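Asks: One structure, pasted below without further comment.
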Amino acid sequence: MKYTDFGLVNTKNMFSDAISRGYAVGAFNFYNMETLTAIMRAARDTHSPIILAVSESAMKYMGDDMLMGMIGGLKLNTVDGVALHLDHGSSFEACAHAIELGFSSVMIDGSKLPFDENVKISRRVAELAHANDVTVEAELGTLAGIEDENTFGTESSYTNPHDVIEFVKQTGIDSLAIAIGTSHGAYKRKSDTEELRFDILADIAAELPGYPLVLHGASNIPQNYVNEINEFGGEISGARGIPAPQLRRAVEMNICKINVDSDSRLAFTAGVRGNLAAKPNGFNPRDYLGAGRQNVYENCMNEIRSIMNSENKL
Ligand code: G3H
Ligand code: 13P
Ligand code: ZN
């Protein structure tokens with residue numbers, strides 16, 4: 001199906017508006033009915049454009065039919081400003097499949113490949129996507145990743161500002177994800193004093209004036225959720241995210257899409273743990289999943305307002 005049949009939009013106008021008006025569109029990952037409806041309710045209540053992000057593993061978890069059935073169930077209209085985005089597409093085939101299902105935006109993640117191979121695969125995806133009016137994100141530089149849920153991965157390399165013009169020109173992509181010190185997961189910084197590399201971001205923005213830049217691994221890791229999880233039986237210590245002032249500063253420097261997954265995971269888990277601890281005799285999944293959903297909704301609202309600055313930008 002075509003994404004317009006679902007009332008979705010691609011990210012083209014979204015990003016040009018975000019850059020001209022100085023905000024970022026939140027790209028929130030979802031993986032079930034609870035997280036999807038929480039994100040959508042937050043977007044609707046704040047009149048904010050939104051990107052619904054789905055990883056390949058989340059697609060597998062939901063199943064294509066259930067995933068697209070839920071998107072259909074949102075009964076969207078293009079004026080709602082909602083994009084459905086494949087997060088970290090690992091191959092041409094994965095992107096092609098997402099486009100066929102009705103995604104309006106795809107990321108091809110060739111960031112671990114040598115420059116020329118990254119160009120090649122990103123260009124191939126861009127050609128297919130553009131033939132379907134779908135927008136494409138690709139990545140230069142690599143983020144440190146999650147080794148497991150509780151450890152800090154160290155393999156990373158910053159984006160080289162000298163490469164970005166050539167990459168964008170040769171690939172024809174619509175937005176570029178860059179590495180300036182963020183990382184995936186809940187363990188992003190070893191100390192509170194670590195700063196993102198704003199010097200690199202400034203150099204990239206100067207090379208590509210007005211061009212949409214994307215920040216992955218940008219969760220803020222709200223400490224109230226970390227503390228609640230630990231209070232009610234969890235064991236996640238030392239989890240640290242990107243402080244909101246740094247994220248807001250990045251938004252002022254052409255970052256127009258901020259990816260958030262870990263914050264929703266923490267919010268959801270804190271809600272579930274808190275609910276089960278408060279009601280030890282409860283066993284109705286709607287109660288504890290509902291508590292998780294409410295937390296995700298509140299966190300998305302908060303980040304749309306205090307980090308993305310996208311409230312009332314629809
Ligand atoms: O950037 C990665 C996202 O957080 C997706 O993670 O593959 O576990 O769904 P996942
Ligand atoms: P976080 O782990 O910081 O939420 O990053 C999510 C992300 O980049 C999804 O692509
Ligand atoms: Zn990511």
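Nothing in this text is a laboratory measurement; each read-out follows from the coordinates by a stated rule. From a predicted model like this one, the values you see are computed outputs, not experimental measurements. Cβ sites come from the backbone with ideal geometry, for glycine too, and all protein chains shown count toward neighbours.
Asks: Residue 283 to residue 305: FRET efficiency via 1/(1 + (r/R0)^6), r the Cβ-Cβ distance, R0 45 Å, to the nearest 0.05?
Replies: Numbers: r = 35 Å, r/R0 = 0.78.
Result of the calculation: an efficiency of 0.80.
Asks: Please work out, to two decimal places, the log10 of the ratio I(q)/I(0) at q = 0.10, 0.11, 0.20, 0.23 Å⁻¹ from a Debye calculation in which every Cα of segment 1-120 carries one identical scatterer.
Replies: With no solvent term, the Cα-only Debye profile gives -0.30, -0.36, -1.13, -1.40.
Asks: Right, here's the next one. Could you work out the percent of alpha carbon pairs in the chain separated by over 31 Å, rounded to a whole number? Let's see the in-between values first.
Replies: Working: 12531 of 49141 pairs.
Percentage above 31 Å: 26.
Asks: If you take every residue apart from residue 68 with its C-beta less than 11 Å away from the C-beta of residue 68, what net charge results, scoring Lys and Arg +1 and Asp and Glu -1?
Replies: Numbers: positive: none; negative: 5, 64, 65, 100.
Computed value for this residue: -4.
Asks: Turning to a different aspect of this structure: Give me the number: length gained by fully extending residue 249 to residue 100, i.e. 0.36 nm times residue separation minus the C-alpha to C-alpha distance, one decimal in nm. Before the final figure, lay out each step's value.
Replies: Working: separation 149, 0.36 × 149 = 53.64 nm, distance 3.67 nm.
50.0 nm is the gain from fully extending residue 249 to residue 100.
Asks: Net charge near residue 314: determine it from the other residues with C-beta under 15 Å of the C-beta of residue 314, scoring Lys and Arg +1 and Asp and Glu -1.
Replies: Working: positive: 21, 41, 44, 305, 313; negative: 17, 45, 80, 311.
Here the count lands on +1.
Asks: Please work out the Cα center distance from segment 227-274 to segment 2-16, rounded to the nearest Å.
Replies: Result: 27 Å between the Cα centres.
Asks: Out of 101, 86, 143, any idea which swings most in a Gaussian network model of the chain, alpha carbons joined below 10 Å?
Replies: 101
Asks: Mind checking the dipole of the chain: about its Cα centre, +1 per Lys or Arg Cβ, -1 per Asp or Glu Cβ, Debye to the nearest 20? Don't skip to the end; give the middle numbers.
Replies: Working: 27 positive and 41 negative charges, 148 e Å.
For the chain, the charge dipole is close to 700 debye.
Asks: Can you give the FRET efficiency for residue 115 and residue 5, using 1/(1 + (r/R0)^6), R0 = 35 Å, r = Cβ-Cβ distance, to the nearest 0.05? All intermediate terms of the calculation are to be shown ahead of the outcome.
Replies: On the way: r = 37 Å, r/R0 = 1.06.
Efficiency, rounded to the nearest 0.05: 0.40.
Asks: Next up: Taking the Cα centre of the chain as the origin and placing charges on Cβ (Lys, Arg +1; Asp, Glu -1), which of 46, 67, 227 is farthest toward the positive end of the dipole?
Replies: 46
Asks: Please compute the alpha carbon radius of gyration of segment 138-258, then divide it by the globular-protein estimate 2.2 N^0.38 Å. Two decimals is fine.
Replies: On the way: Rg = 15.5 Å, N = 121, 2.2 N^0.38 = 13.6 Å.
Normalised Rg, Cα atoms only: 1.14.
Asks: Another question about this same structure. Could you size up the charge dipole of segment 237-314 around its Cα centre, putting +1 on the beta carbon of Lys and Arg and -1 on that of Asp and Glu, and report it in debye to the nearest 20? Walk me through the numbers before you get to the answer.
Replies: Numbers: 11 positive and 7 negative charges, 15 e Å.
Magnitude of the dipole: close to 60 debye.
Asks: Looking at segment 1-52 from every direction and averaging, what is the projected area of its Cα convex hull in nm²? Walk me through the intermediate numbers first.
Replies: On the way: hull surface 16.5 nm².
If you wrap the Cα atoms of segment 1-52 in a convex hull and average its projections, you get 4.1 nm².
Asks: Build a GNM of the chain with springs between Cα atoms under 10 Å: which of 212, 245, 49 gets the top mean-square fluctuation?
Replies: 245
Asks: So if we plug the beta-carbon distance of residue 193 and residue 160 into 1/(1 + (r/R0)^6) with R0 = 25 Å, what FRET efficiency do we get, rounded to 0.05? List each step's numbers first, then the result.
Replies: Details: r = 25 Å, r/R0 = 1.00.
So, using R0 = 25 Å, E works out to roughly 0.50.
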